[in-house]
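Structure, as structure tokens:
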Protein chains: 4
Amino acid sequence: MDRPQDNFAGASFASDNTAPATPEVMEALSTANRGPQPAYGADEITARLERRFAELFEHDVAVFPVATGTAANALALSACTTPWGLMYSHRLAHVNEHEAGAPEFYSGGTRLVPLDGPNGKLSLDALKSELDAAGFGVVHESQPQAVTITQASEAGTLYRLDEIRAIADLVHGRGMTLHMDGARFANAAAGLGTAPADLTWRAGIDIMSFGATKNGALAAEAVIAFDPALATSLAFRRKRAGHLLSKQRYLSAQIEAGLIDGRWLGWARHANAMAQHLAQGLTALGVATLDFPVEANEIFVRLPEPVIAGLEADGFAFPTAARRPTSSSSGW
Amino acid sequence: MDRPQDNFAGASFASDNTAPATPEVMEALSTANRGPQPAYGADEITARLERRFAELFEHDVAVFPVATGTAANALALSACTTPWGLMYSHRLAHVNEHEAGAPEFYSGGTRLVPLDGPNGKLSLDALKSELDAAGFGVVHESQPQAVTITQASEAGTLYRLDEIRAIADLVHGRGMTLHMDGARFANAAAGLGTAPADLTWRAGIDIMSFGATKNGALAAEAVIAFDPALATSLAFRRKRAGHLLSKQRYLSAQIEAGLIDGRWLGWARHANAMAQHLAQGLTALGVATLDFPVEANEIFVRLPEPVIAGLEADGFAFPTAARRPTSSSSGW
Amino acid sequence: MDRPQDNFAGASFASDNTAPATPEVMEALSTANRGPQPAYGADEITARLERRFAELFEHDVAVFPVATGTAANALALSACTTPWGLMYSHRLAHVNEHEAGAPEFYSGGTRLVPLDGPNGKLSLDALKSELDAAGFGVVHESQPQAVTITQASEAGTLYRLDEIRAIADLVHGRGMTLHMDGARFANAAAGLGTAPADLTWRAGIDIMSFGATKNGALAAEAVIAFDPALATSLAFRRKRAGHLLSKQRYLSAQIEAGLIDGRWLGWARHANAMAQHLAQGLTALGVATLDFPVEANEIFVRLPEPVIAGLEADGFAFPTAARRPTSSSSGW
Amino acid sequence: MDRPQDNFAGASFASDNTAPATPEVMEALSTANRGPQPAYGADEITARLERRFAELFEHDVAVFPVATGTAANALALSACTTPWGLMYSHRLAHVNEHEAGAPEFYSGGTRLVPLDGPNGKLSLDALKSELDAAGFGVVHESQPQAVTITQASEAGTLYRLDEIRAIADLVHGRGMTLHMDGARFANAAAGLGTAPADLTWRAGIDIMSFGATKNGALAAEAVIAFDPALATSLAFRRKRAGHLLSKQRYLSAQIEAGLIDGRWLGWARHANAMAQHLAQGLTALGVATLDFPVEANEIFVRLPEPVIAGLEADGFAFPTAARRPTSSSSGW
């Protein structure tokens, strides 16, 4: 039998948010729970986590674990902007489509400007054209201050190094800051086979959201600031947003579990491979069309209604995008 | 030997935030992790949690699990106020002293007015006198809208039913809303031996923060709205604040673990008993003075410097309040 | 000689913001200054202004004079939205292009979504298509709440009654609110020859900004709420924004001066006629192209560089739009 | 007859907000209205105003005219703080009592901490004691950032040079910023006979609100920043708050009218003298008690009820403070 679903018997094709945590993460929680530990991030696990991130990124970093990607993105962007600023993202970006105004809330009203670009990636030309038309220094207009790109993108595609560098050069050339939403950074790093340092600060990323929830954790993300000057503001911003956990060690432990022995990349590599497998099978079926190239662990597929009905009857779970037919999401 | 510390060998007298989670909570996490579950609170555990809370409080409730008490308080207060409002708390309240402006952030600038009262409890007279002087309806003045009381209080004391009712009557009589910060609500319910319903909505509480982190969980609190009309706003407020966890089931599981078979009260009863034990021992020593009556699980004790030094030399951990000598905190 | 500029000898073609106030407005200020008057809008002039507006609009209205159109728009929109909302405008709208984030500031972060439409007017189809794709009630997405249209538009064009009604029906059908930026409402009313009531609440406008600064005043606009329920919130919002003037009578007097004997329409009719005259002359010259139909008192004209240089050499003042060549503005 | 009220026949004892503008201010408006002028502060009058302020203060200044004192205060304080900050004022301060939350709105939620002090003046000891207890650098606590003092104070009293310097030294020593609410700065400068430079930046004032509305203008105040580094932020903050007037020249003209030939001091000297006259007469009557020393142009007087009734029957207007008997205000 080579019907593709056989290879995924019992599997869920729903969002990666539905997946359980890895055994290593659960084990790390148990270990972290063995006795009392200082509160609010003064614990040993958090200290180790910071060292591990510094090693991973080959750079001094300020690390701010939080419980959600929305919080990580909003905190990071707020540290890069003023309330009368502009921040730019791809139109499909999570910050634009699925955060219910968190970036505006955290920043105090900074305006988010969605831009286009093929395959869910911000177009350098679109950004340049927008910035060329912007009123830098004109008091009547909101001021361009930050750009955010998502790696892997919300379309499941990847920015190449030269693409990131070109955007970073443009952004820095205008005195602005570049943020990376790395909710699926692991899938990007695994997919590109590139060192985290190369993919981030060496390419011009100033600050990032590093995701673990979609890669084995229960609920753990981290803002990583490559510029230590951002640390003071972020510490207060995080606390004031209610995202400084009193028992932060449990957040840190979840993330650290992935950083040990490169597990985070292994988990992501597996997810990417499964996505490739599924995409190839779907394509081979002849009834499916993919909206975007499958480069990480997200698949956006168009299926005939009867096929959808049949799959659902067979117990497969996956999200359908009734409202926005062009972005039907079935990440994993 | 009857030196009190013998009974606490190896124990930490630091904040209850340093304590590990209970085995039941850890077990609940493992159970929640057995397979995929719908994201963003559409899971079975969250559904069960809502039913359990409705039973516990003998009332329909809207439940919003979040990761921190600061978030719970700020969300709850923001739902009760407008940005040009006033909210009142005791001067020692966590919202006033230890949330770095979260209430103002979430509410969009509502002003927090700290009031006094003996033993960490808001004085009815102080509140009445403040409200009598307030400019209700006067466009030049911020508008009184909400009051928050902490149960158990930040001084480790408890509001009696008639005290809550008197405050609630005053608050409602002025068209305002009453919030309870229940970060240690379990300790209050255990200490008073009163039904949760009596301690809350039947006494006039409109909305509360229900704490689990300080009572056995890793990081889990919940906003409980007794007025369903608040639910819509809270759902958006929570998401926009980055406090809607994609894998919310893990938050719900932590809280639910406590609600099964009344464990939460048992854990709190134990903590209260230990606090009593310690307080009595300290008093018996003749060198310690207690700042407040010990009614829950917090002890605020003044010790001679040599005693502090000796305890620390023996490996006991507890916070010292160098900066604010009058509220030296050593909760547990 | 019939070279058009002869008819405008010594005239300025710069923004109408450069024009002086009318003698009637100056006279009203002198009259208002004859003696002491109650502060903060408790004066007789303000009371008369409210009655005049009620007559003008044939409807009970709540009137909030402020010093700028930016404040009027931002206040009005903030009263129609929550911080997790969406408000829609034309891309060329003043709120989108020239208010430096005031709508976001006043609303607490509500997102402004710019839409397209020919001749500076919001396209019903574009709006419908956007609302159809919006996530009403979906907690992950900002919520559609308000639409603002500018009458006369920023392109100097006018919405017809049926166009307003169609937008209003769509907006109200989705439970949203419709605002009109009437910075040049006088020019629209004069241009269309339609009663103010027909152009506003009878066509579905819920709240508006009524402009006087560009029509004879020094600095005076008013938020006009046709729904009295909005009055309480607006009173506090205005004060909190520092836009409740202690000597509000001077604002009210400026606006009232225009409302006496229909002067405001006469002034606007004159401005419209001059714009027509100029536009026809420019077109007749054969060197000018108009970007938009001239329906009110704004002209957006493309001229050959030598003509521009020549005009400037002759002492004519007008703004050139180096940065945004497609919206070179020379309103009057 | 020498009963004091004879000297005030027909006079109003209501707030100085009820007074008309001076002839010089009205004349300046007429002059400003003689022809078109560049918009948004690019006009000659504004340029002159800036030069006059630089001369008056013997220092480079950035000047931001706005229409209200509430706006001036809120803008100035927002430029000195972050949203997680603390700003301190006297309990009777206008920012605390009569601005409906404007300081919190403009700053994005900075908390205002009211402190005490005799005669409406901030007590150095109270401030020092508060700052000593504050958690500088502690992430759980709002951060002390700014102090505002009002000169002349809301009690009609004046800070002496050494009092200002002592507060400034304390404030700067903690890395904070000192603002002066100078809504009645003219009355203070006239009352003390001290040079404006000595009373402000030479004494340690970093930024101030300079009032004209209560001293002859219709509605005109200005934020004066002695540190040019604050100018950029303030320019955007003012625009975003809707306080950049398109025809700003009319604001500038009002303020400039006072600065010519020292008129502002003359007007204030007269007001101060009248207040002295009235206060002495009231005291001589034997039925009145003054709450505070009369040092500027405000009188807070306690009168027997029959006297109040009699005065009102005679047509005298003055505000009674039913709600807050200890601060019955009858400034002029």
Evaluation of B:Ala219 against (1) open to solvent by less than 30 Å² (accessible area, probe 1.4 Å); (2) within 23 Å of B:Leu178 (Cβ to Cβ); (3) within 14 Å of another protein chain (Cβ to nearest Cβ) (one fails), failing number: (2)
Would you point out which residue out of C:Ala72, C:Ala79 is small (Gly, Ala, Ser), under 20 Å from D:Lys247 (Cα atoms) and within 12 Å of another protein chain (Cβ to nearest Cβ)? C:Ala72
Name the residues in segment B:222-239 that are touching a helix residue (DSSP H, G or I) at 6+ places or on another chain (Cβ under 9 Å) and either among the hydrophobic types (A, V, I, L, M, F, W, C) or open to solvent by less than 10 Å² (accessible area, probe 1.4 Å) (or both), would you? B:Ala222, B:Val223, B:Ile224, B:Ala225, B:Phe226, B:Leu230, B:Leu234, B:Lys239
Just checking, does segment B:282-295 include any residue being within 14 Å of chain A (Cβ to nearest Cβ) and either over 30 Å from A:Ala19 (Cβ atoms) or more than 18 Å from the chain's Cα centre (by Cα) (or both)? no
Quick check: is even one residue across segment C:157-173 hydroxyl-bearing (Ser, Thr, Tyr) and either within 11 Å of chain A (Cβ to nearest Cβ) or touching a helix residue (DSSP H, G or I) at 6+ places or on another chain (Cβ under 8 Å) (or both)? yes
Test result for C:Tyr88, open to solvent by less than 30 Å² (accessible area, probe 1.4 Å) and within 14 Å of chain D (Cβ to nearest Cβ): no
Quick test for you: out of C:Ala126, C:Ala134, C:Ala152, pick the one residue that is in contact with a Pro (Cβ under 6 Å, 6 or more places away or on another chain) and modelled with pLDDT of 95 or more. C:Ala134
How many residues are of a type outside the set (Gly, Ala, Ser) and either crowded, with 18+ Cβ neighbours inside 10 Å or touching a strand residue (DSSP E or B) at 6+ places or on another chain (Cβ under 8 Å) (or both) when one looks only at segment A:287-321? 15
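Return the residues of segment D:62-77 that are touching a Lys or Arg at 6+ places or on another chain (Cβ under 6 Å) and open to solvent by less than 10 Å² (accessible area, probe 1.4 Å); say none if nothing qualifies.
So in segment D:62-77, the residues touching a Lys or Arg at 6+ places or on another chain (Cβ under 6 Å) come out as D:64, D:75.
Once the filter is applied, which keeps residues that are touching a Lys or Arg at 6+ places or on another chain (Cβ under 6 Å) and open to solvent by less than 10 Å² (accessible area, probe 1.4 Å), segment D:62-77 yields only D:Leu75.
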Scan segment D:126-139 residue by residue and report those that are facing another protein chain (nearest Cβ under 7 Å) and either in a helix (DSSP H, G or I) or surrounded by 24 or more Cβ atoms within 10 Å (Cβ to Cβ) (or both). D:Ala133
Residue list for segment B:239-259, filter: part of a helix (DSSP H, G or I) and at the interface with another protein chain (Cβ under 7 Å from one of its Cβ atoms): B:Lys239, B:Arg240, B:Tyr250
Quick check on segment D:14-28: of everything there that is outside any loop (DSSP other than H, G, I, E, B) and within 7 Å of another protein chain (Cβ to nearest Cβ), which residue is surrounded by the most Cβ atoms within 10 Å (Cβ to Cβ)? D:Thr18
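Can you find even one residue in segment A:75-88 that is of a type in the set (Gly, Ala, Ser) and at pLDDT below 95?
Taking every residue of segment A:75-88 in turn, none turns out to be of a type in the set (Gly, Ala, Ser) and at pLDDT below 95.
Scan segment B:29-61 for residues that are of a type in the set (A, V, I, L, M), under 15 Å from B:Phe210 (Cα atoms) and surrounded by 17 or more Cβ atoms within 10 Å (Cβ to Cβ) and jot them down. Write out each step before concluding.
The initial filter retains those residues of segment B:29-61 that are of a type in the set (A, V, I, L, M), namely B:29, B:32, B:39, B:42, B:45, B:47, B:49, B:54, B:56, B:61.
Subsequent filtering for residues that are under 15 Å from B:Phe210 (Cα atoms) retains B:49, B:54, B:56, B:61.
Hits for segment B:29-61 are B:Leu49, B:Leu56, B:Val61.
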Selection from segment D:31-58 of residues that are away from chain C (no Cβ under 14 Å) and free of Cβ contacts under 8 Å to residues at least 40 places away in the same chain: D:Ala47, D:Glu50, D:Arg51, D:Ala54, D:Glu55
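How many residues, within segment A:217-233, are among the charged types (D, E, K, R) and over 13 Å from A:Trp201 (Cα atoms)? If you could, list the steps in order and put the result at the bottom.
In the first step, residues of segment A:217-233 are kept if they are among the charged types (D, E, K, R); the result is A:221, A:227.
When the remaining residues are screened for being over 13 Å from A:Trp201 (Cα atoms), the result is A:221.
The number of residues fulfilling the criteria is 1.
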State whether the residues of segment D:271-280 include one that is more than 30 Å from D:Pro36 (Cα to Cα), modelled with pLDDT of 95 or more, open to solvent by 10 Å² or more (accessible area, probe 1.4 Å) and of a type outside the set (A, V, I, L, M). yes
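Yes or no: B:Glu154 of a type in the set (Asp, Glu) and surrounded by fewer than 24 Cβ atoms within 10 Å (Cβ to Cβ)? Don't jump to the end; show me each part of the working.
Numbers: of a type in the set (Asp, Glu): yes; surrounded by fewer than 24 Cβ atoms within 10 Å (Cβ to Cβ): no.
No: the conditions fail for B:Glu154.
What about B:Val63, is it assigned to a strand (DSSP E or B), away from chain A (no Cβ under 14 Å) and more than 25 Å from D:Pro114 (Cα to Cα)? It would help to see each step written out before you state the result.
Numbers: assigned to a strand (DSSP E or B): yes; away from chain A (no Cβ under 14 Å): yes; more than 25 Å from D:Pro114 (Cα to Cα): yes.
Yes.
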If B:Asp291 passes every condition in (1) modelled with pLDDT under 85; (2) closer than 18 Å to B:Thr150 by Cβ but one, which one does it miss? (1)
Return yes or no: is A:Thr70 β-branched (Val, Ile, Thr) and either closer than 24 Å to C:Pro144 by Cβ or in contact with a helix residue (DSSP H, G or I) (Cβ under 7 Å, 6 or more places away or on another chain) (or both)? yes
Looking only at segment A:244-257, which residues are open to solvent by 10 Å² or more (accessible area, probe 1.4 Å) and either under 25 Å from A:Thr194 (Cβ atoms) or modelled with pLDDT under 95 (or both)? A:Gln254, A:Glu256
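Could you look through segment C:183-231, keep only residues that are among the basic types (Lys, Arg) and out of contact with any strand residue (DSSP E or B) (no Cβ under 7 Å at 6 or more places or on another chain), and pick out the one that is modelled with the highest pLDDT?
Of segment C:183-231, the ones among the basic types (Lys, Arg) are C:184, C:202, C:214.
Checking which are out of contact with any strand residue (DSSP E or B) (no Cβ under 7 Å at 6 or more places or on another chain) leaves us with C:202, C:214.
On the way: C:Arg202: 98, C:Lys214: 95.
That would be C:Arg202.
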Residues of segment B:98-125 classified as open to solvent by less than 30 Å² (accessible area, probe 1.4 Å), assigned to a helix (DSSP H, G or I) and more than 7 Å from chain D (Cβ to nearest Cβ), total: 5
Determine if segment D:310-327 includes at least one residue that is more than 23 Å from the chain's Cα centre (by Cα), of a type in the set (A, V, I, L, M, F, W, C), under 20 Å from C:Ala39 (Cβ atoms) and more than 14 Å from chain C (Cβ to nearest Cβ). yes
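For every residue, the table says whether it meets (1) modelled with pLDDT under 90; (2) over 30 Å from D:Ala72 (Cα atoms).
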position	(1), (2)
C:Phe236	no, no
C:Lys239	no, no
C:Gly242	no, no
C:Leu259	no, yes
C:Arg263	no, yes
C:Thr283	yes, yes
C:Val301	yes, yes
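The values are calculated or read from the model by the stated rules, or taken from the named source; none is laboratory data. Since the model is a prediction, treat every value here as computed from it, not as a measurement. Note that we place each Cβ from the backbone using ideal geometry, even for glycine, and neighbour counts take in every protein chain shown. With ligands, DNA and RNA removed, areas are computed over all heavy atoms of the protein, side chains included. Shrake-Rupley method; radii C 1.70, N 1.55, O 1.52, S 1.80 Å.
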